[in-house]
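What follows draws every value from the coordinates through simple rules; no lab data is involved. Remember, it's a predicted structure, so these values are computed and weren't measured experimentally. Cβ placement follows ideal geometry from the backbone for every residue including glycine, while neighbour counts extend to all protein chains displayed.
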Amino acid sequence: MIDLTYTEQQQNLRKEIIMFAQEQLQLNLSERDHLSKFLRENWVACAKQGILGLYVPEKYGGRNYDAVTTVCVMEGLGYGCADNGLTLALNGQMWAVQEPIVKFGSEEQKQKYLPGMIRGELFGAHAMTEAQSGSDAFSLDTRAAKVEGGYILNGRKIYIGLAPVSDIILTFATIDPTLGRWGVTAFIVEANAKGIVLESAKSKMGLRTSPMGDVVFKDCFVPDSSLLGKPGAGASIFANSMEYERSFIFSSHVGSMARQLEQTIQFANERKQFGQAIAKFQTVSNRIVDMKIKLETARLFLYRVARLIDQNKSPAMEAAMTKLVVSELFLENSLDAIRIHGGKGYLSEYGIERDLRDAIGGVIYSGTSDIQRRVIAGLLGI
Ligand SMILES: Cc1cc2nc3c(=O)[nH]c(=O)nc-3n(C[C@H](O)[C@H](O)[C@H](O)COP(=O)(O)OP(=O)(O)OC[C@H]3O[C@@H](n4cnc5c(N)ncnc54)[C@H](O)[C@@H]3O)c2cc1C
């Protein structure tokens, strides 16, 4: 049984974050989306609000909240802030860069990188995908050749969120391709290292307010101290990071679904056709009811996995199910919101179609829906 009652502290944090997001993060969103513009000021404002440190130990500048409280705040952020690109990028750094450093980093790495990321001064990217290795992530080509005092990296990472503005890149390379997944090794690379090129941002369908690009390593020397974990531990580190990412990266999108539903109900009550509010037509109200059920389903999965993590239980199956369910339901509700808004839903100026474009990315990143099904099937012994 999942108790979704918020504690007083959670309710207050949630209210506070919603007010912050509504007041400070909405400025010129349609224009920024249209121009694919990333606004550093908004990132820094979120950092000042404490968002990036919610789940990080106090020792490194964080607030050390549990997963349920963190998710509650991140859901509030998505409710108050319609900028899904920004909320995704924040979640990406929190779960796929900061969390692996907290879990697998040396004390020196934690002290060096976490406080700066939490303060919004350092941007972190997670770079795994390559041209020939997407879903089959461990078949990567990027090489890490051992040399005196470190490694030389060569390879190209693609579709990397925040890459064009990143300061720190958590990346993966093989020290020996014949070892398969046991050769995959994780590195924390500083983006100003010699031999790294951060290519300019790619134009994309949605999530345009957060930049994405390629990272190229060309004879890039990284010292031994850049290793995250041991040589050959990269696949386990990646798998662990994906459990967190798949569990929580959609927290804010659940908040977006709640906002989307409220807007849609309001519109359906106001818009009149055939002499009455369209909400009175049963096909319209049924669609809204389905949106509500999908929102609550998404929420249940999200809080269930958060609770499991707080109980130190393995979330492998629940993480894959949460990612699959929430991403697909956000996509479905985004399309339904457009259907109910009619022509208004289709025009860019009202921002309703933006959610749909943003939601499509969700069924691809962090492992496509097919891959989540594959993970679940594997865990079911199929
Ligand atoms: C918005 C966005 C943000 C991203 N951010 C990052 C990032 O920050 N860092 C990063 O490293 N990567 C990132 N990615 C890359 C993302 O993780 C990959 O695109 C994704 O894993 C799929 O890989 P691919 O594009 O190569 O597709 P492929 O793996 O080539 O898949 C193509 C199709 O084949 C299907 N398929 C493949 N294998 C199987 C299988 N075994 N069973 C069934 N179907 C299969 C897939 O489901 C898909 O439909 C991002 C992508 C997007 C869209």
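Of all the numbered requirements in (1) surrounded by fewer than 22 Cβ atoms within 10 Å (Cβ to Cβ); (2) touching a strand residue (DSSP E or B) at 6+ places or on another chain (Cβ under 7 Å), SER106 misses one, and that requirement is (2).
Here ASP358 fulfils each of the conditions (1) within 24 Å of LYS204 (Cβ to Cβ); (2) away from the ligand (no atom under 16 Å from the Cβ) apart from (2). Taking the listed residues VAL184, VAL165, VAL197, the one that is within 16 Å of the ligand (Cβ to nearest atom) and more than 22 Å from the chain's Cα centre (by Cα) is VAL184, with no other qualifying.
Annotation: ALA144 fulfils all but one of (1) near the ligand (Cβ under 7 Å from one of its atoms); (2) within 22 Å of LYS112 (Cβ to Cβ); the unmet one is (1). Please determine whether any residue of region 273-286 is among the basic types (Lys, Arg) and not in a strand (DSSP E or B). Yes, there is a match, as at least one residue in region 273-286 is among the basic types (Lys, Arg) and not in a strand (DSSP E or B). Restricting the first member to region 23-39 and to residues that are in a helix (DSSP H, G or I), and the second to residues that are among the small types (Gly, Ala, Ser) and surrounded by fewer than 17 Cβ atoms within 10 Å (Cβ to Cβ), the beta-carbon pairs closer than 6 Å and six or more apart or on different chains are SER30/GLY351. Elements of the type strands (runs of 3 or more DSSP E) sitting completely within region 120-217 and holding at least 3 residues that are farther than 29 Å from ARG40 by Cβ: these cover 143-147, 150-161. I'm trying to understand the selection: among the residues of region 349-365, which are under 17 Å from the mean Cα position of the chain (by Cα), among the small types (Gly, Ala, Ser) and surrounded by fewer than 23 Cβ atoms within 10 Å (Cβ to Cβ)? The one that is under 17 Å from the mean Cα position of the chain (by Cα), among the small types (Gly, Ala, Ser) and surrounded by fewer than 23 Cβ atoms within 10 Å (Cβ to Cβ): GLY361.
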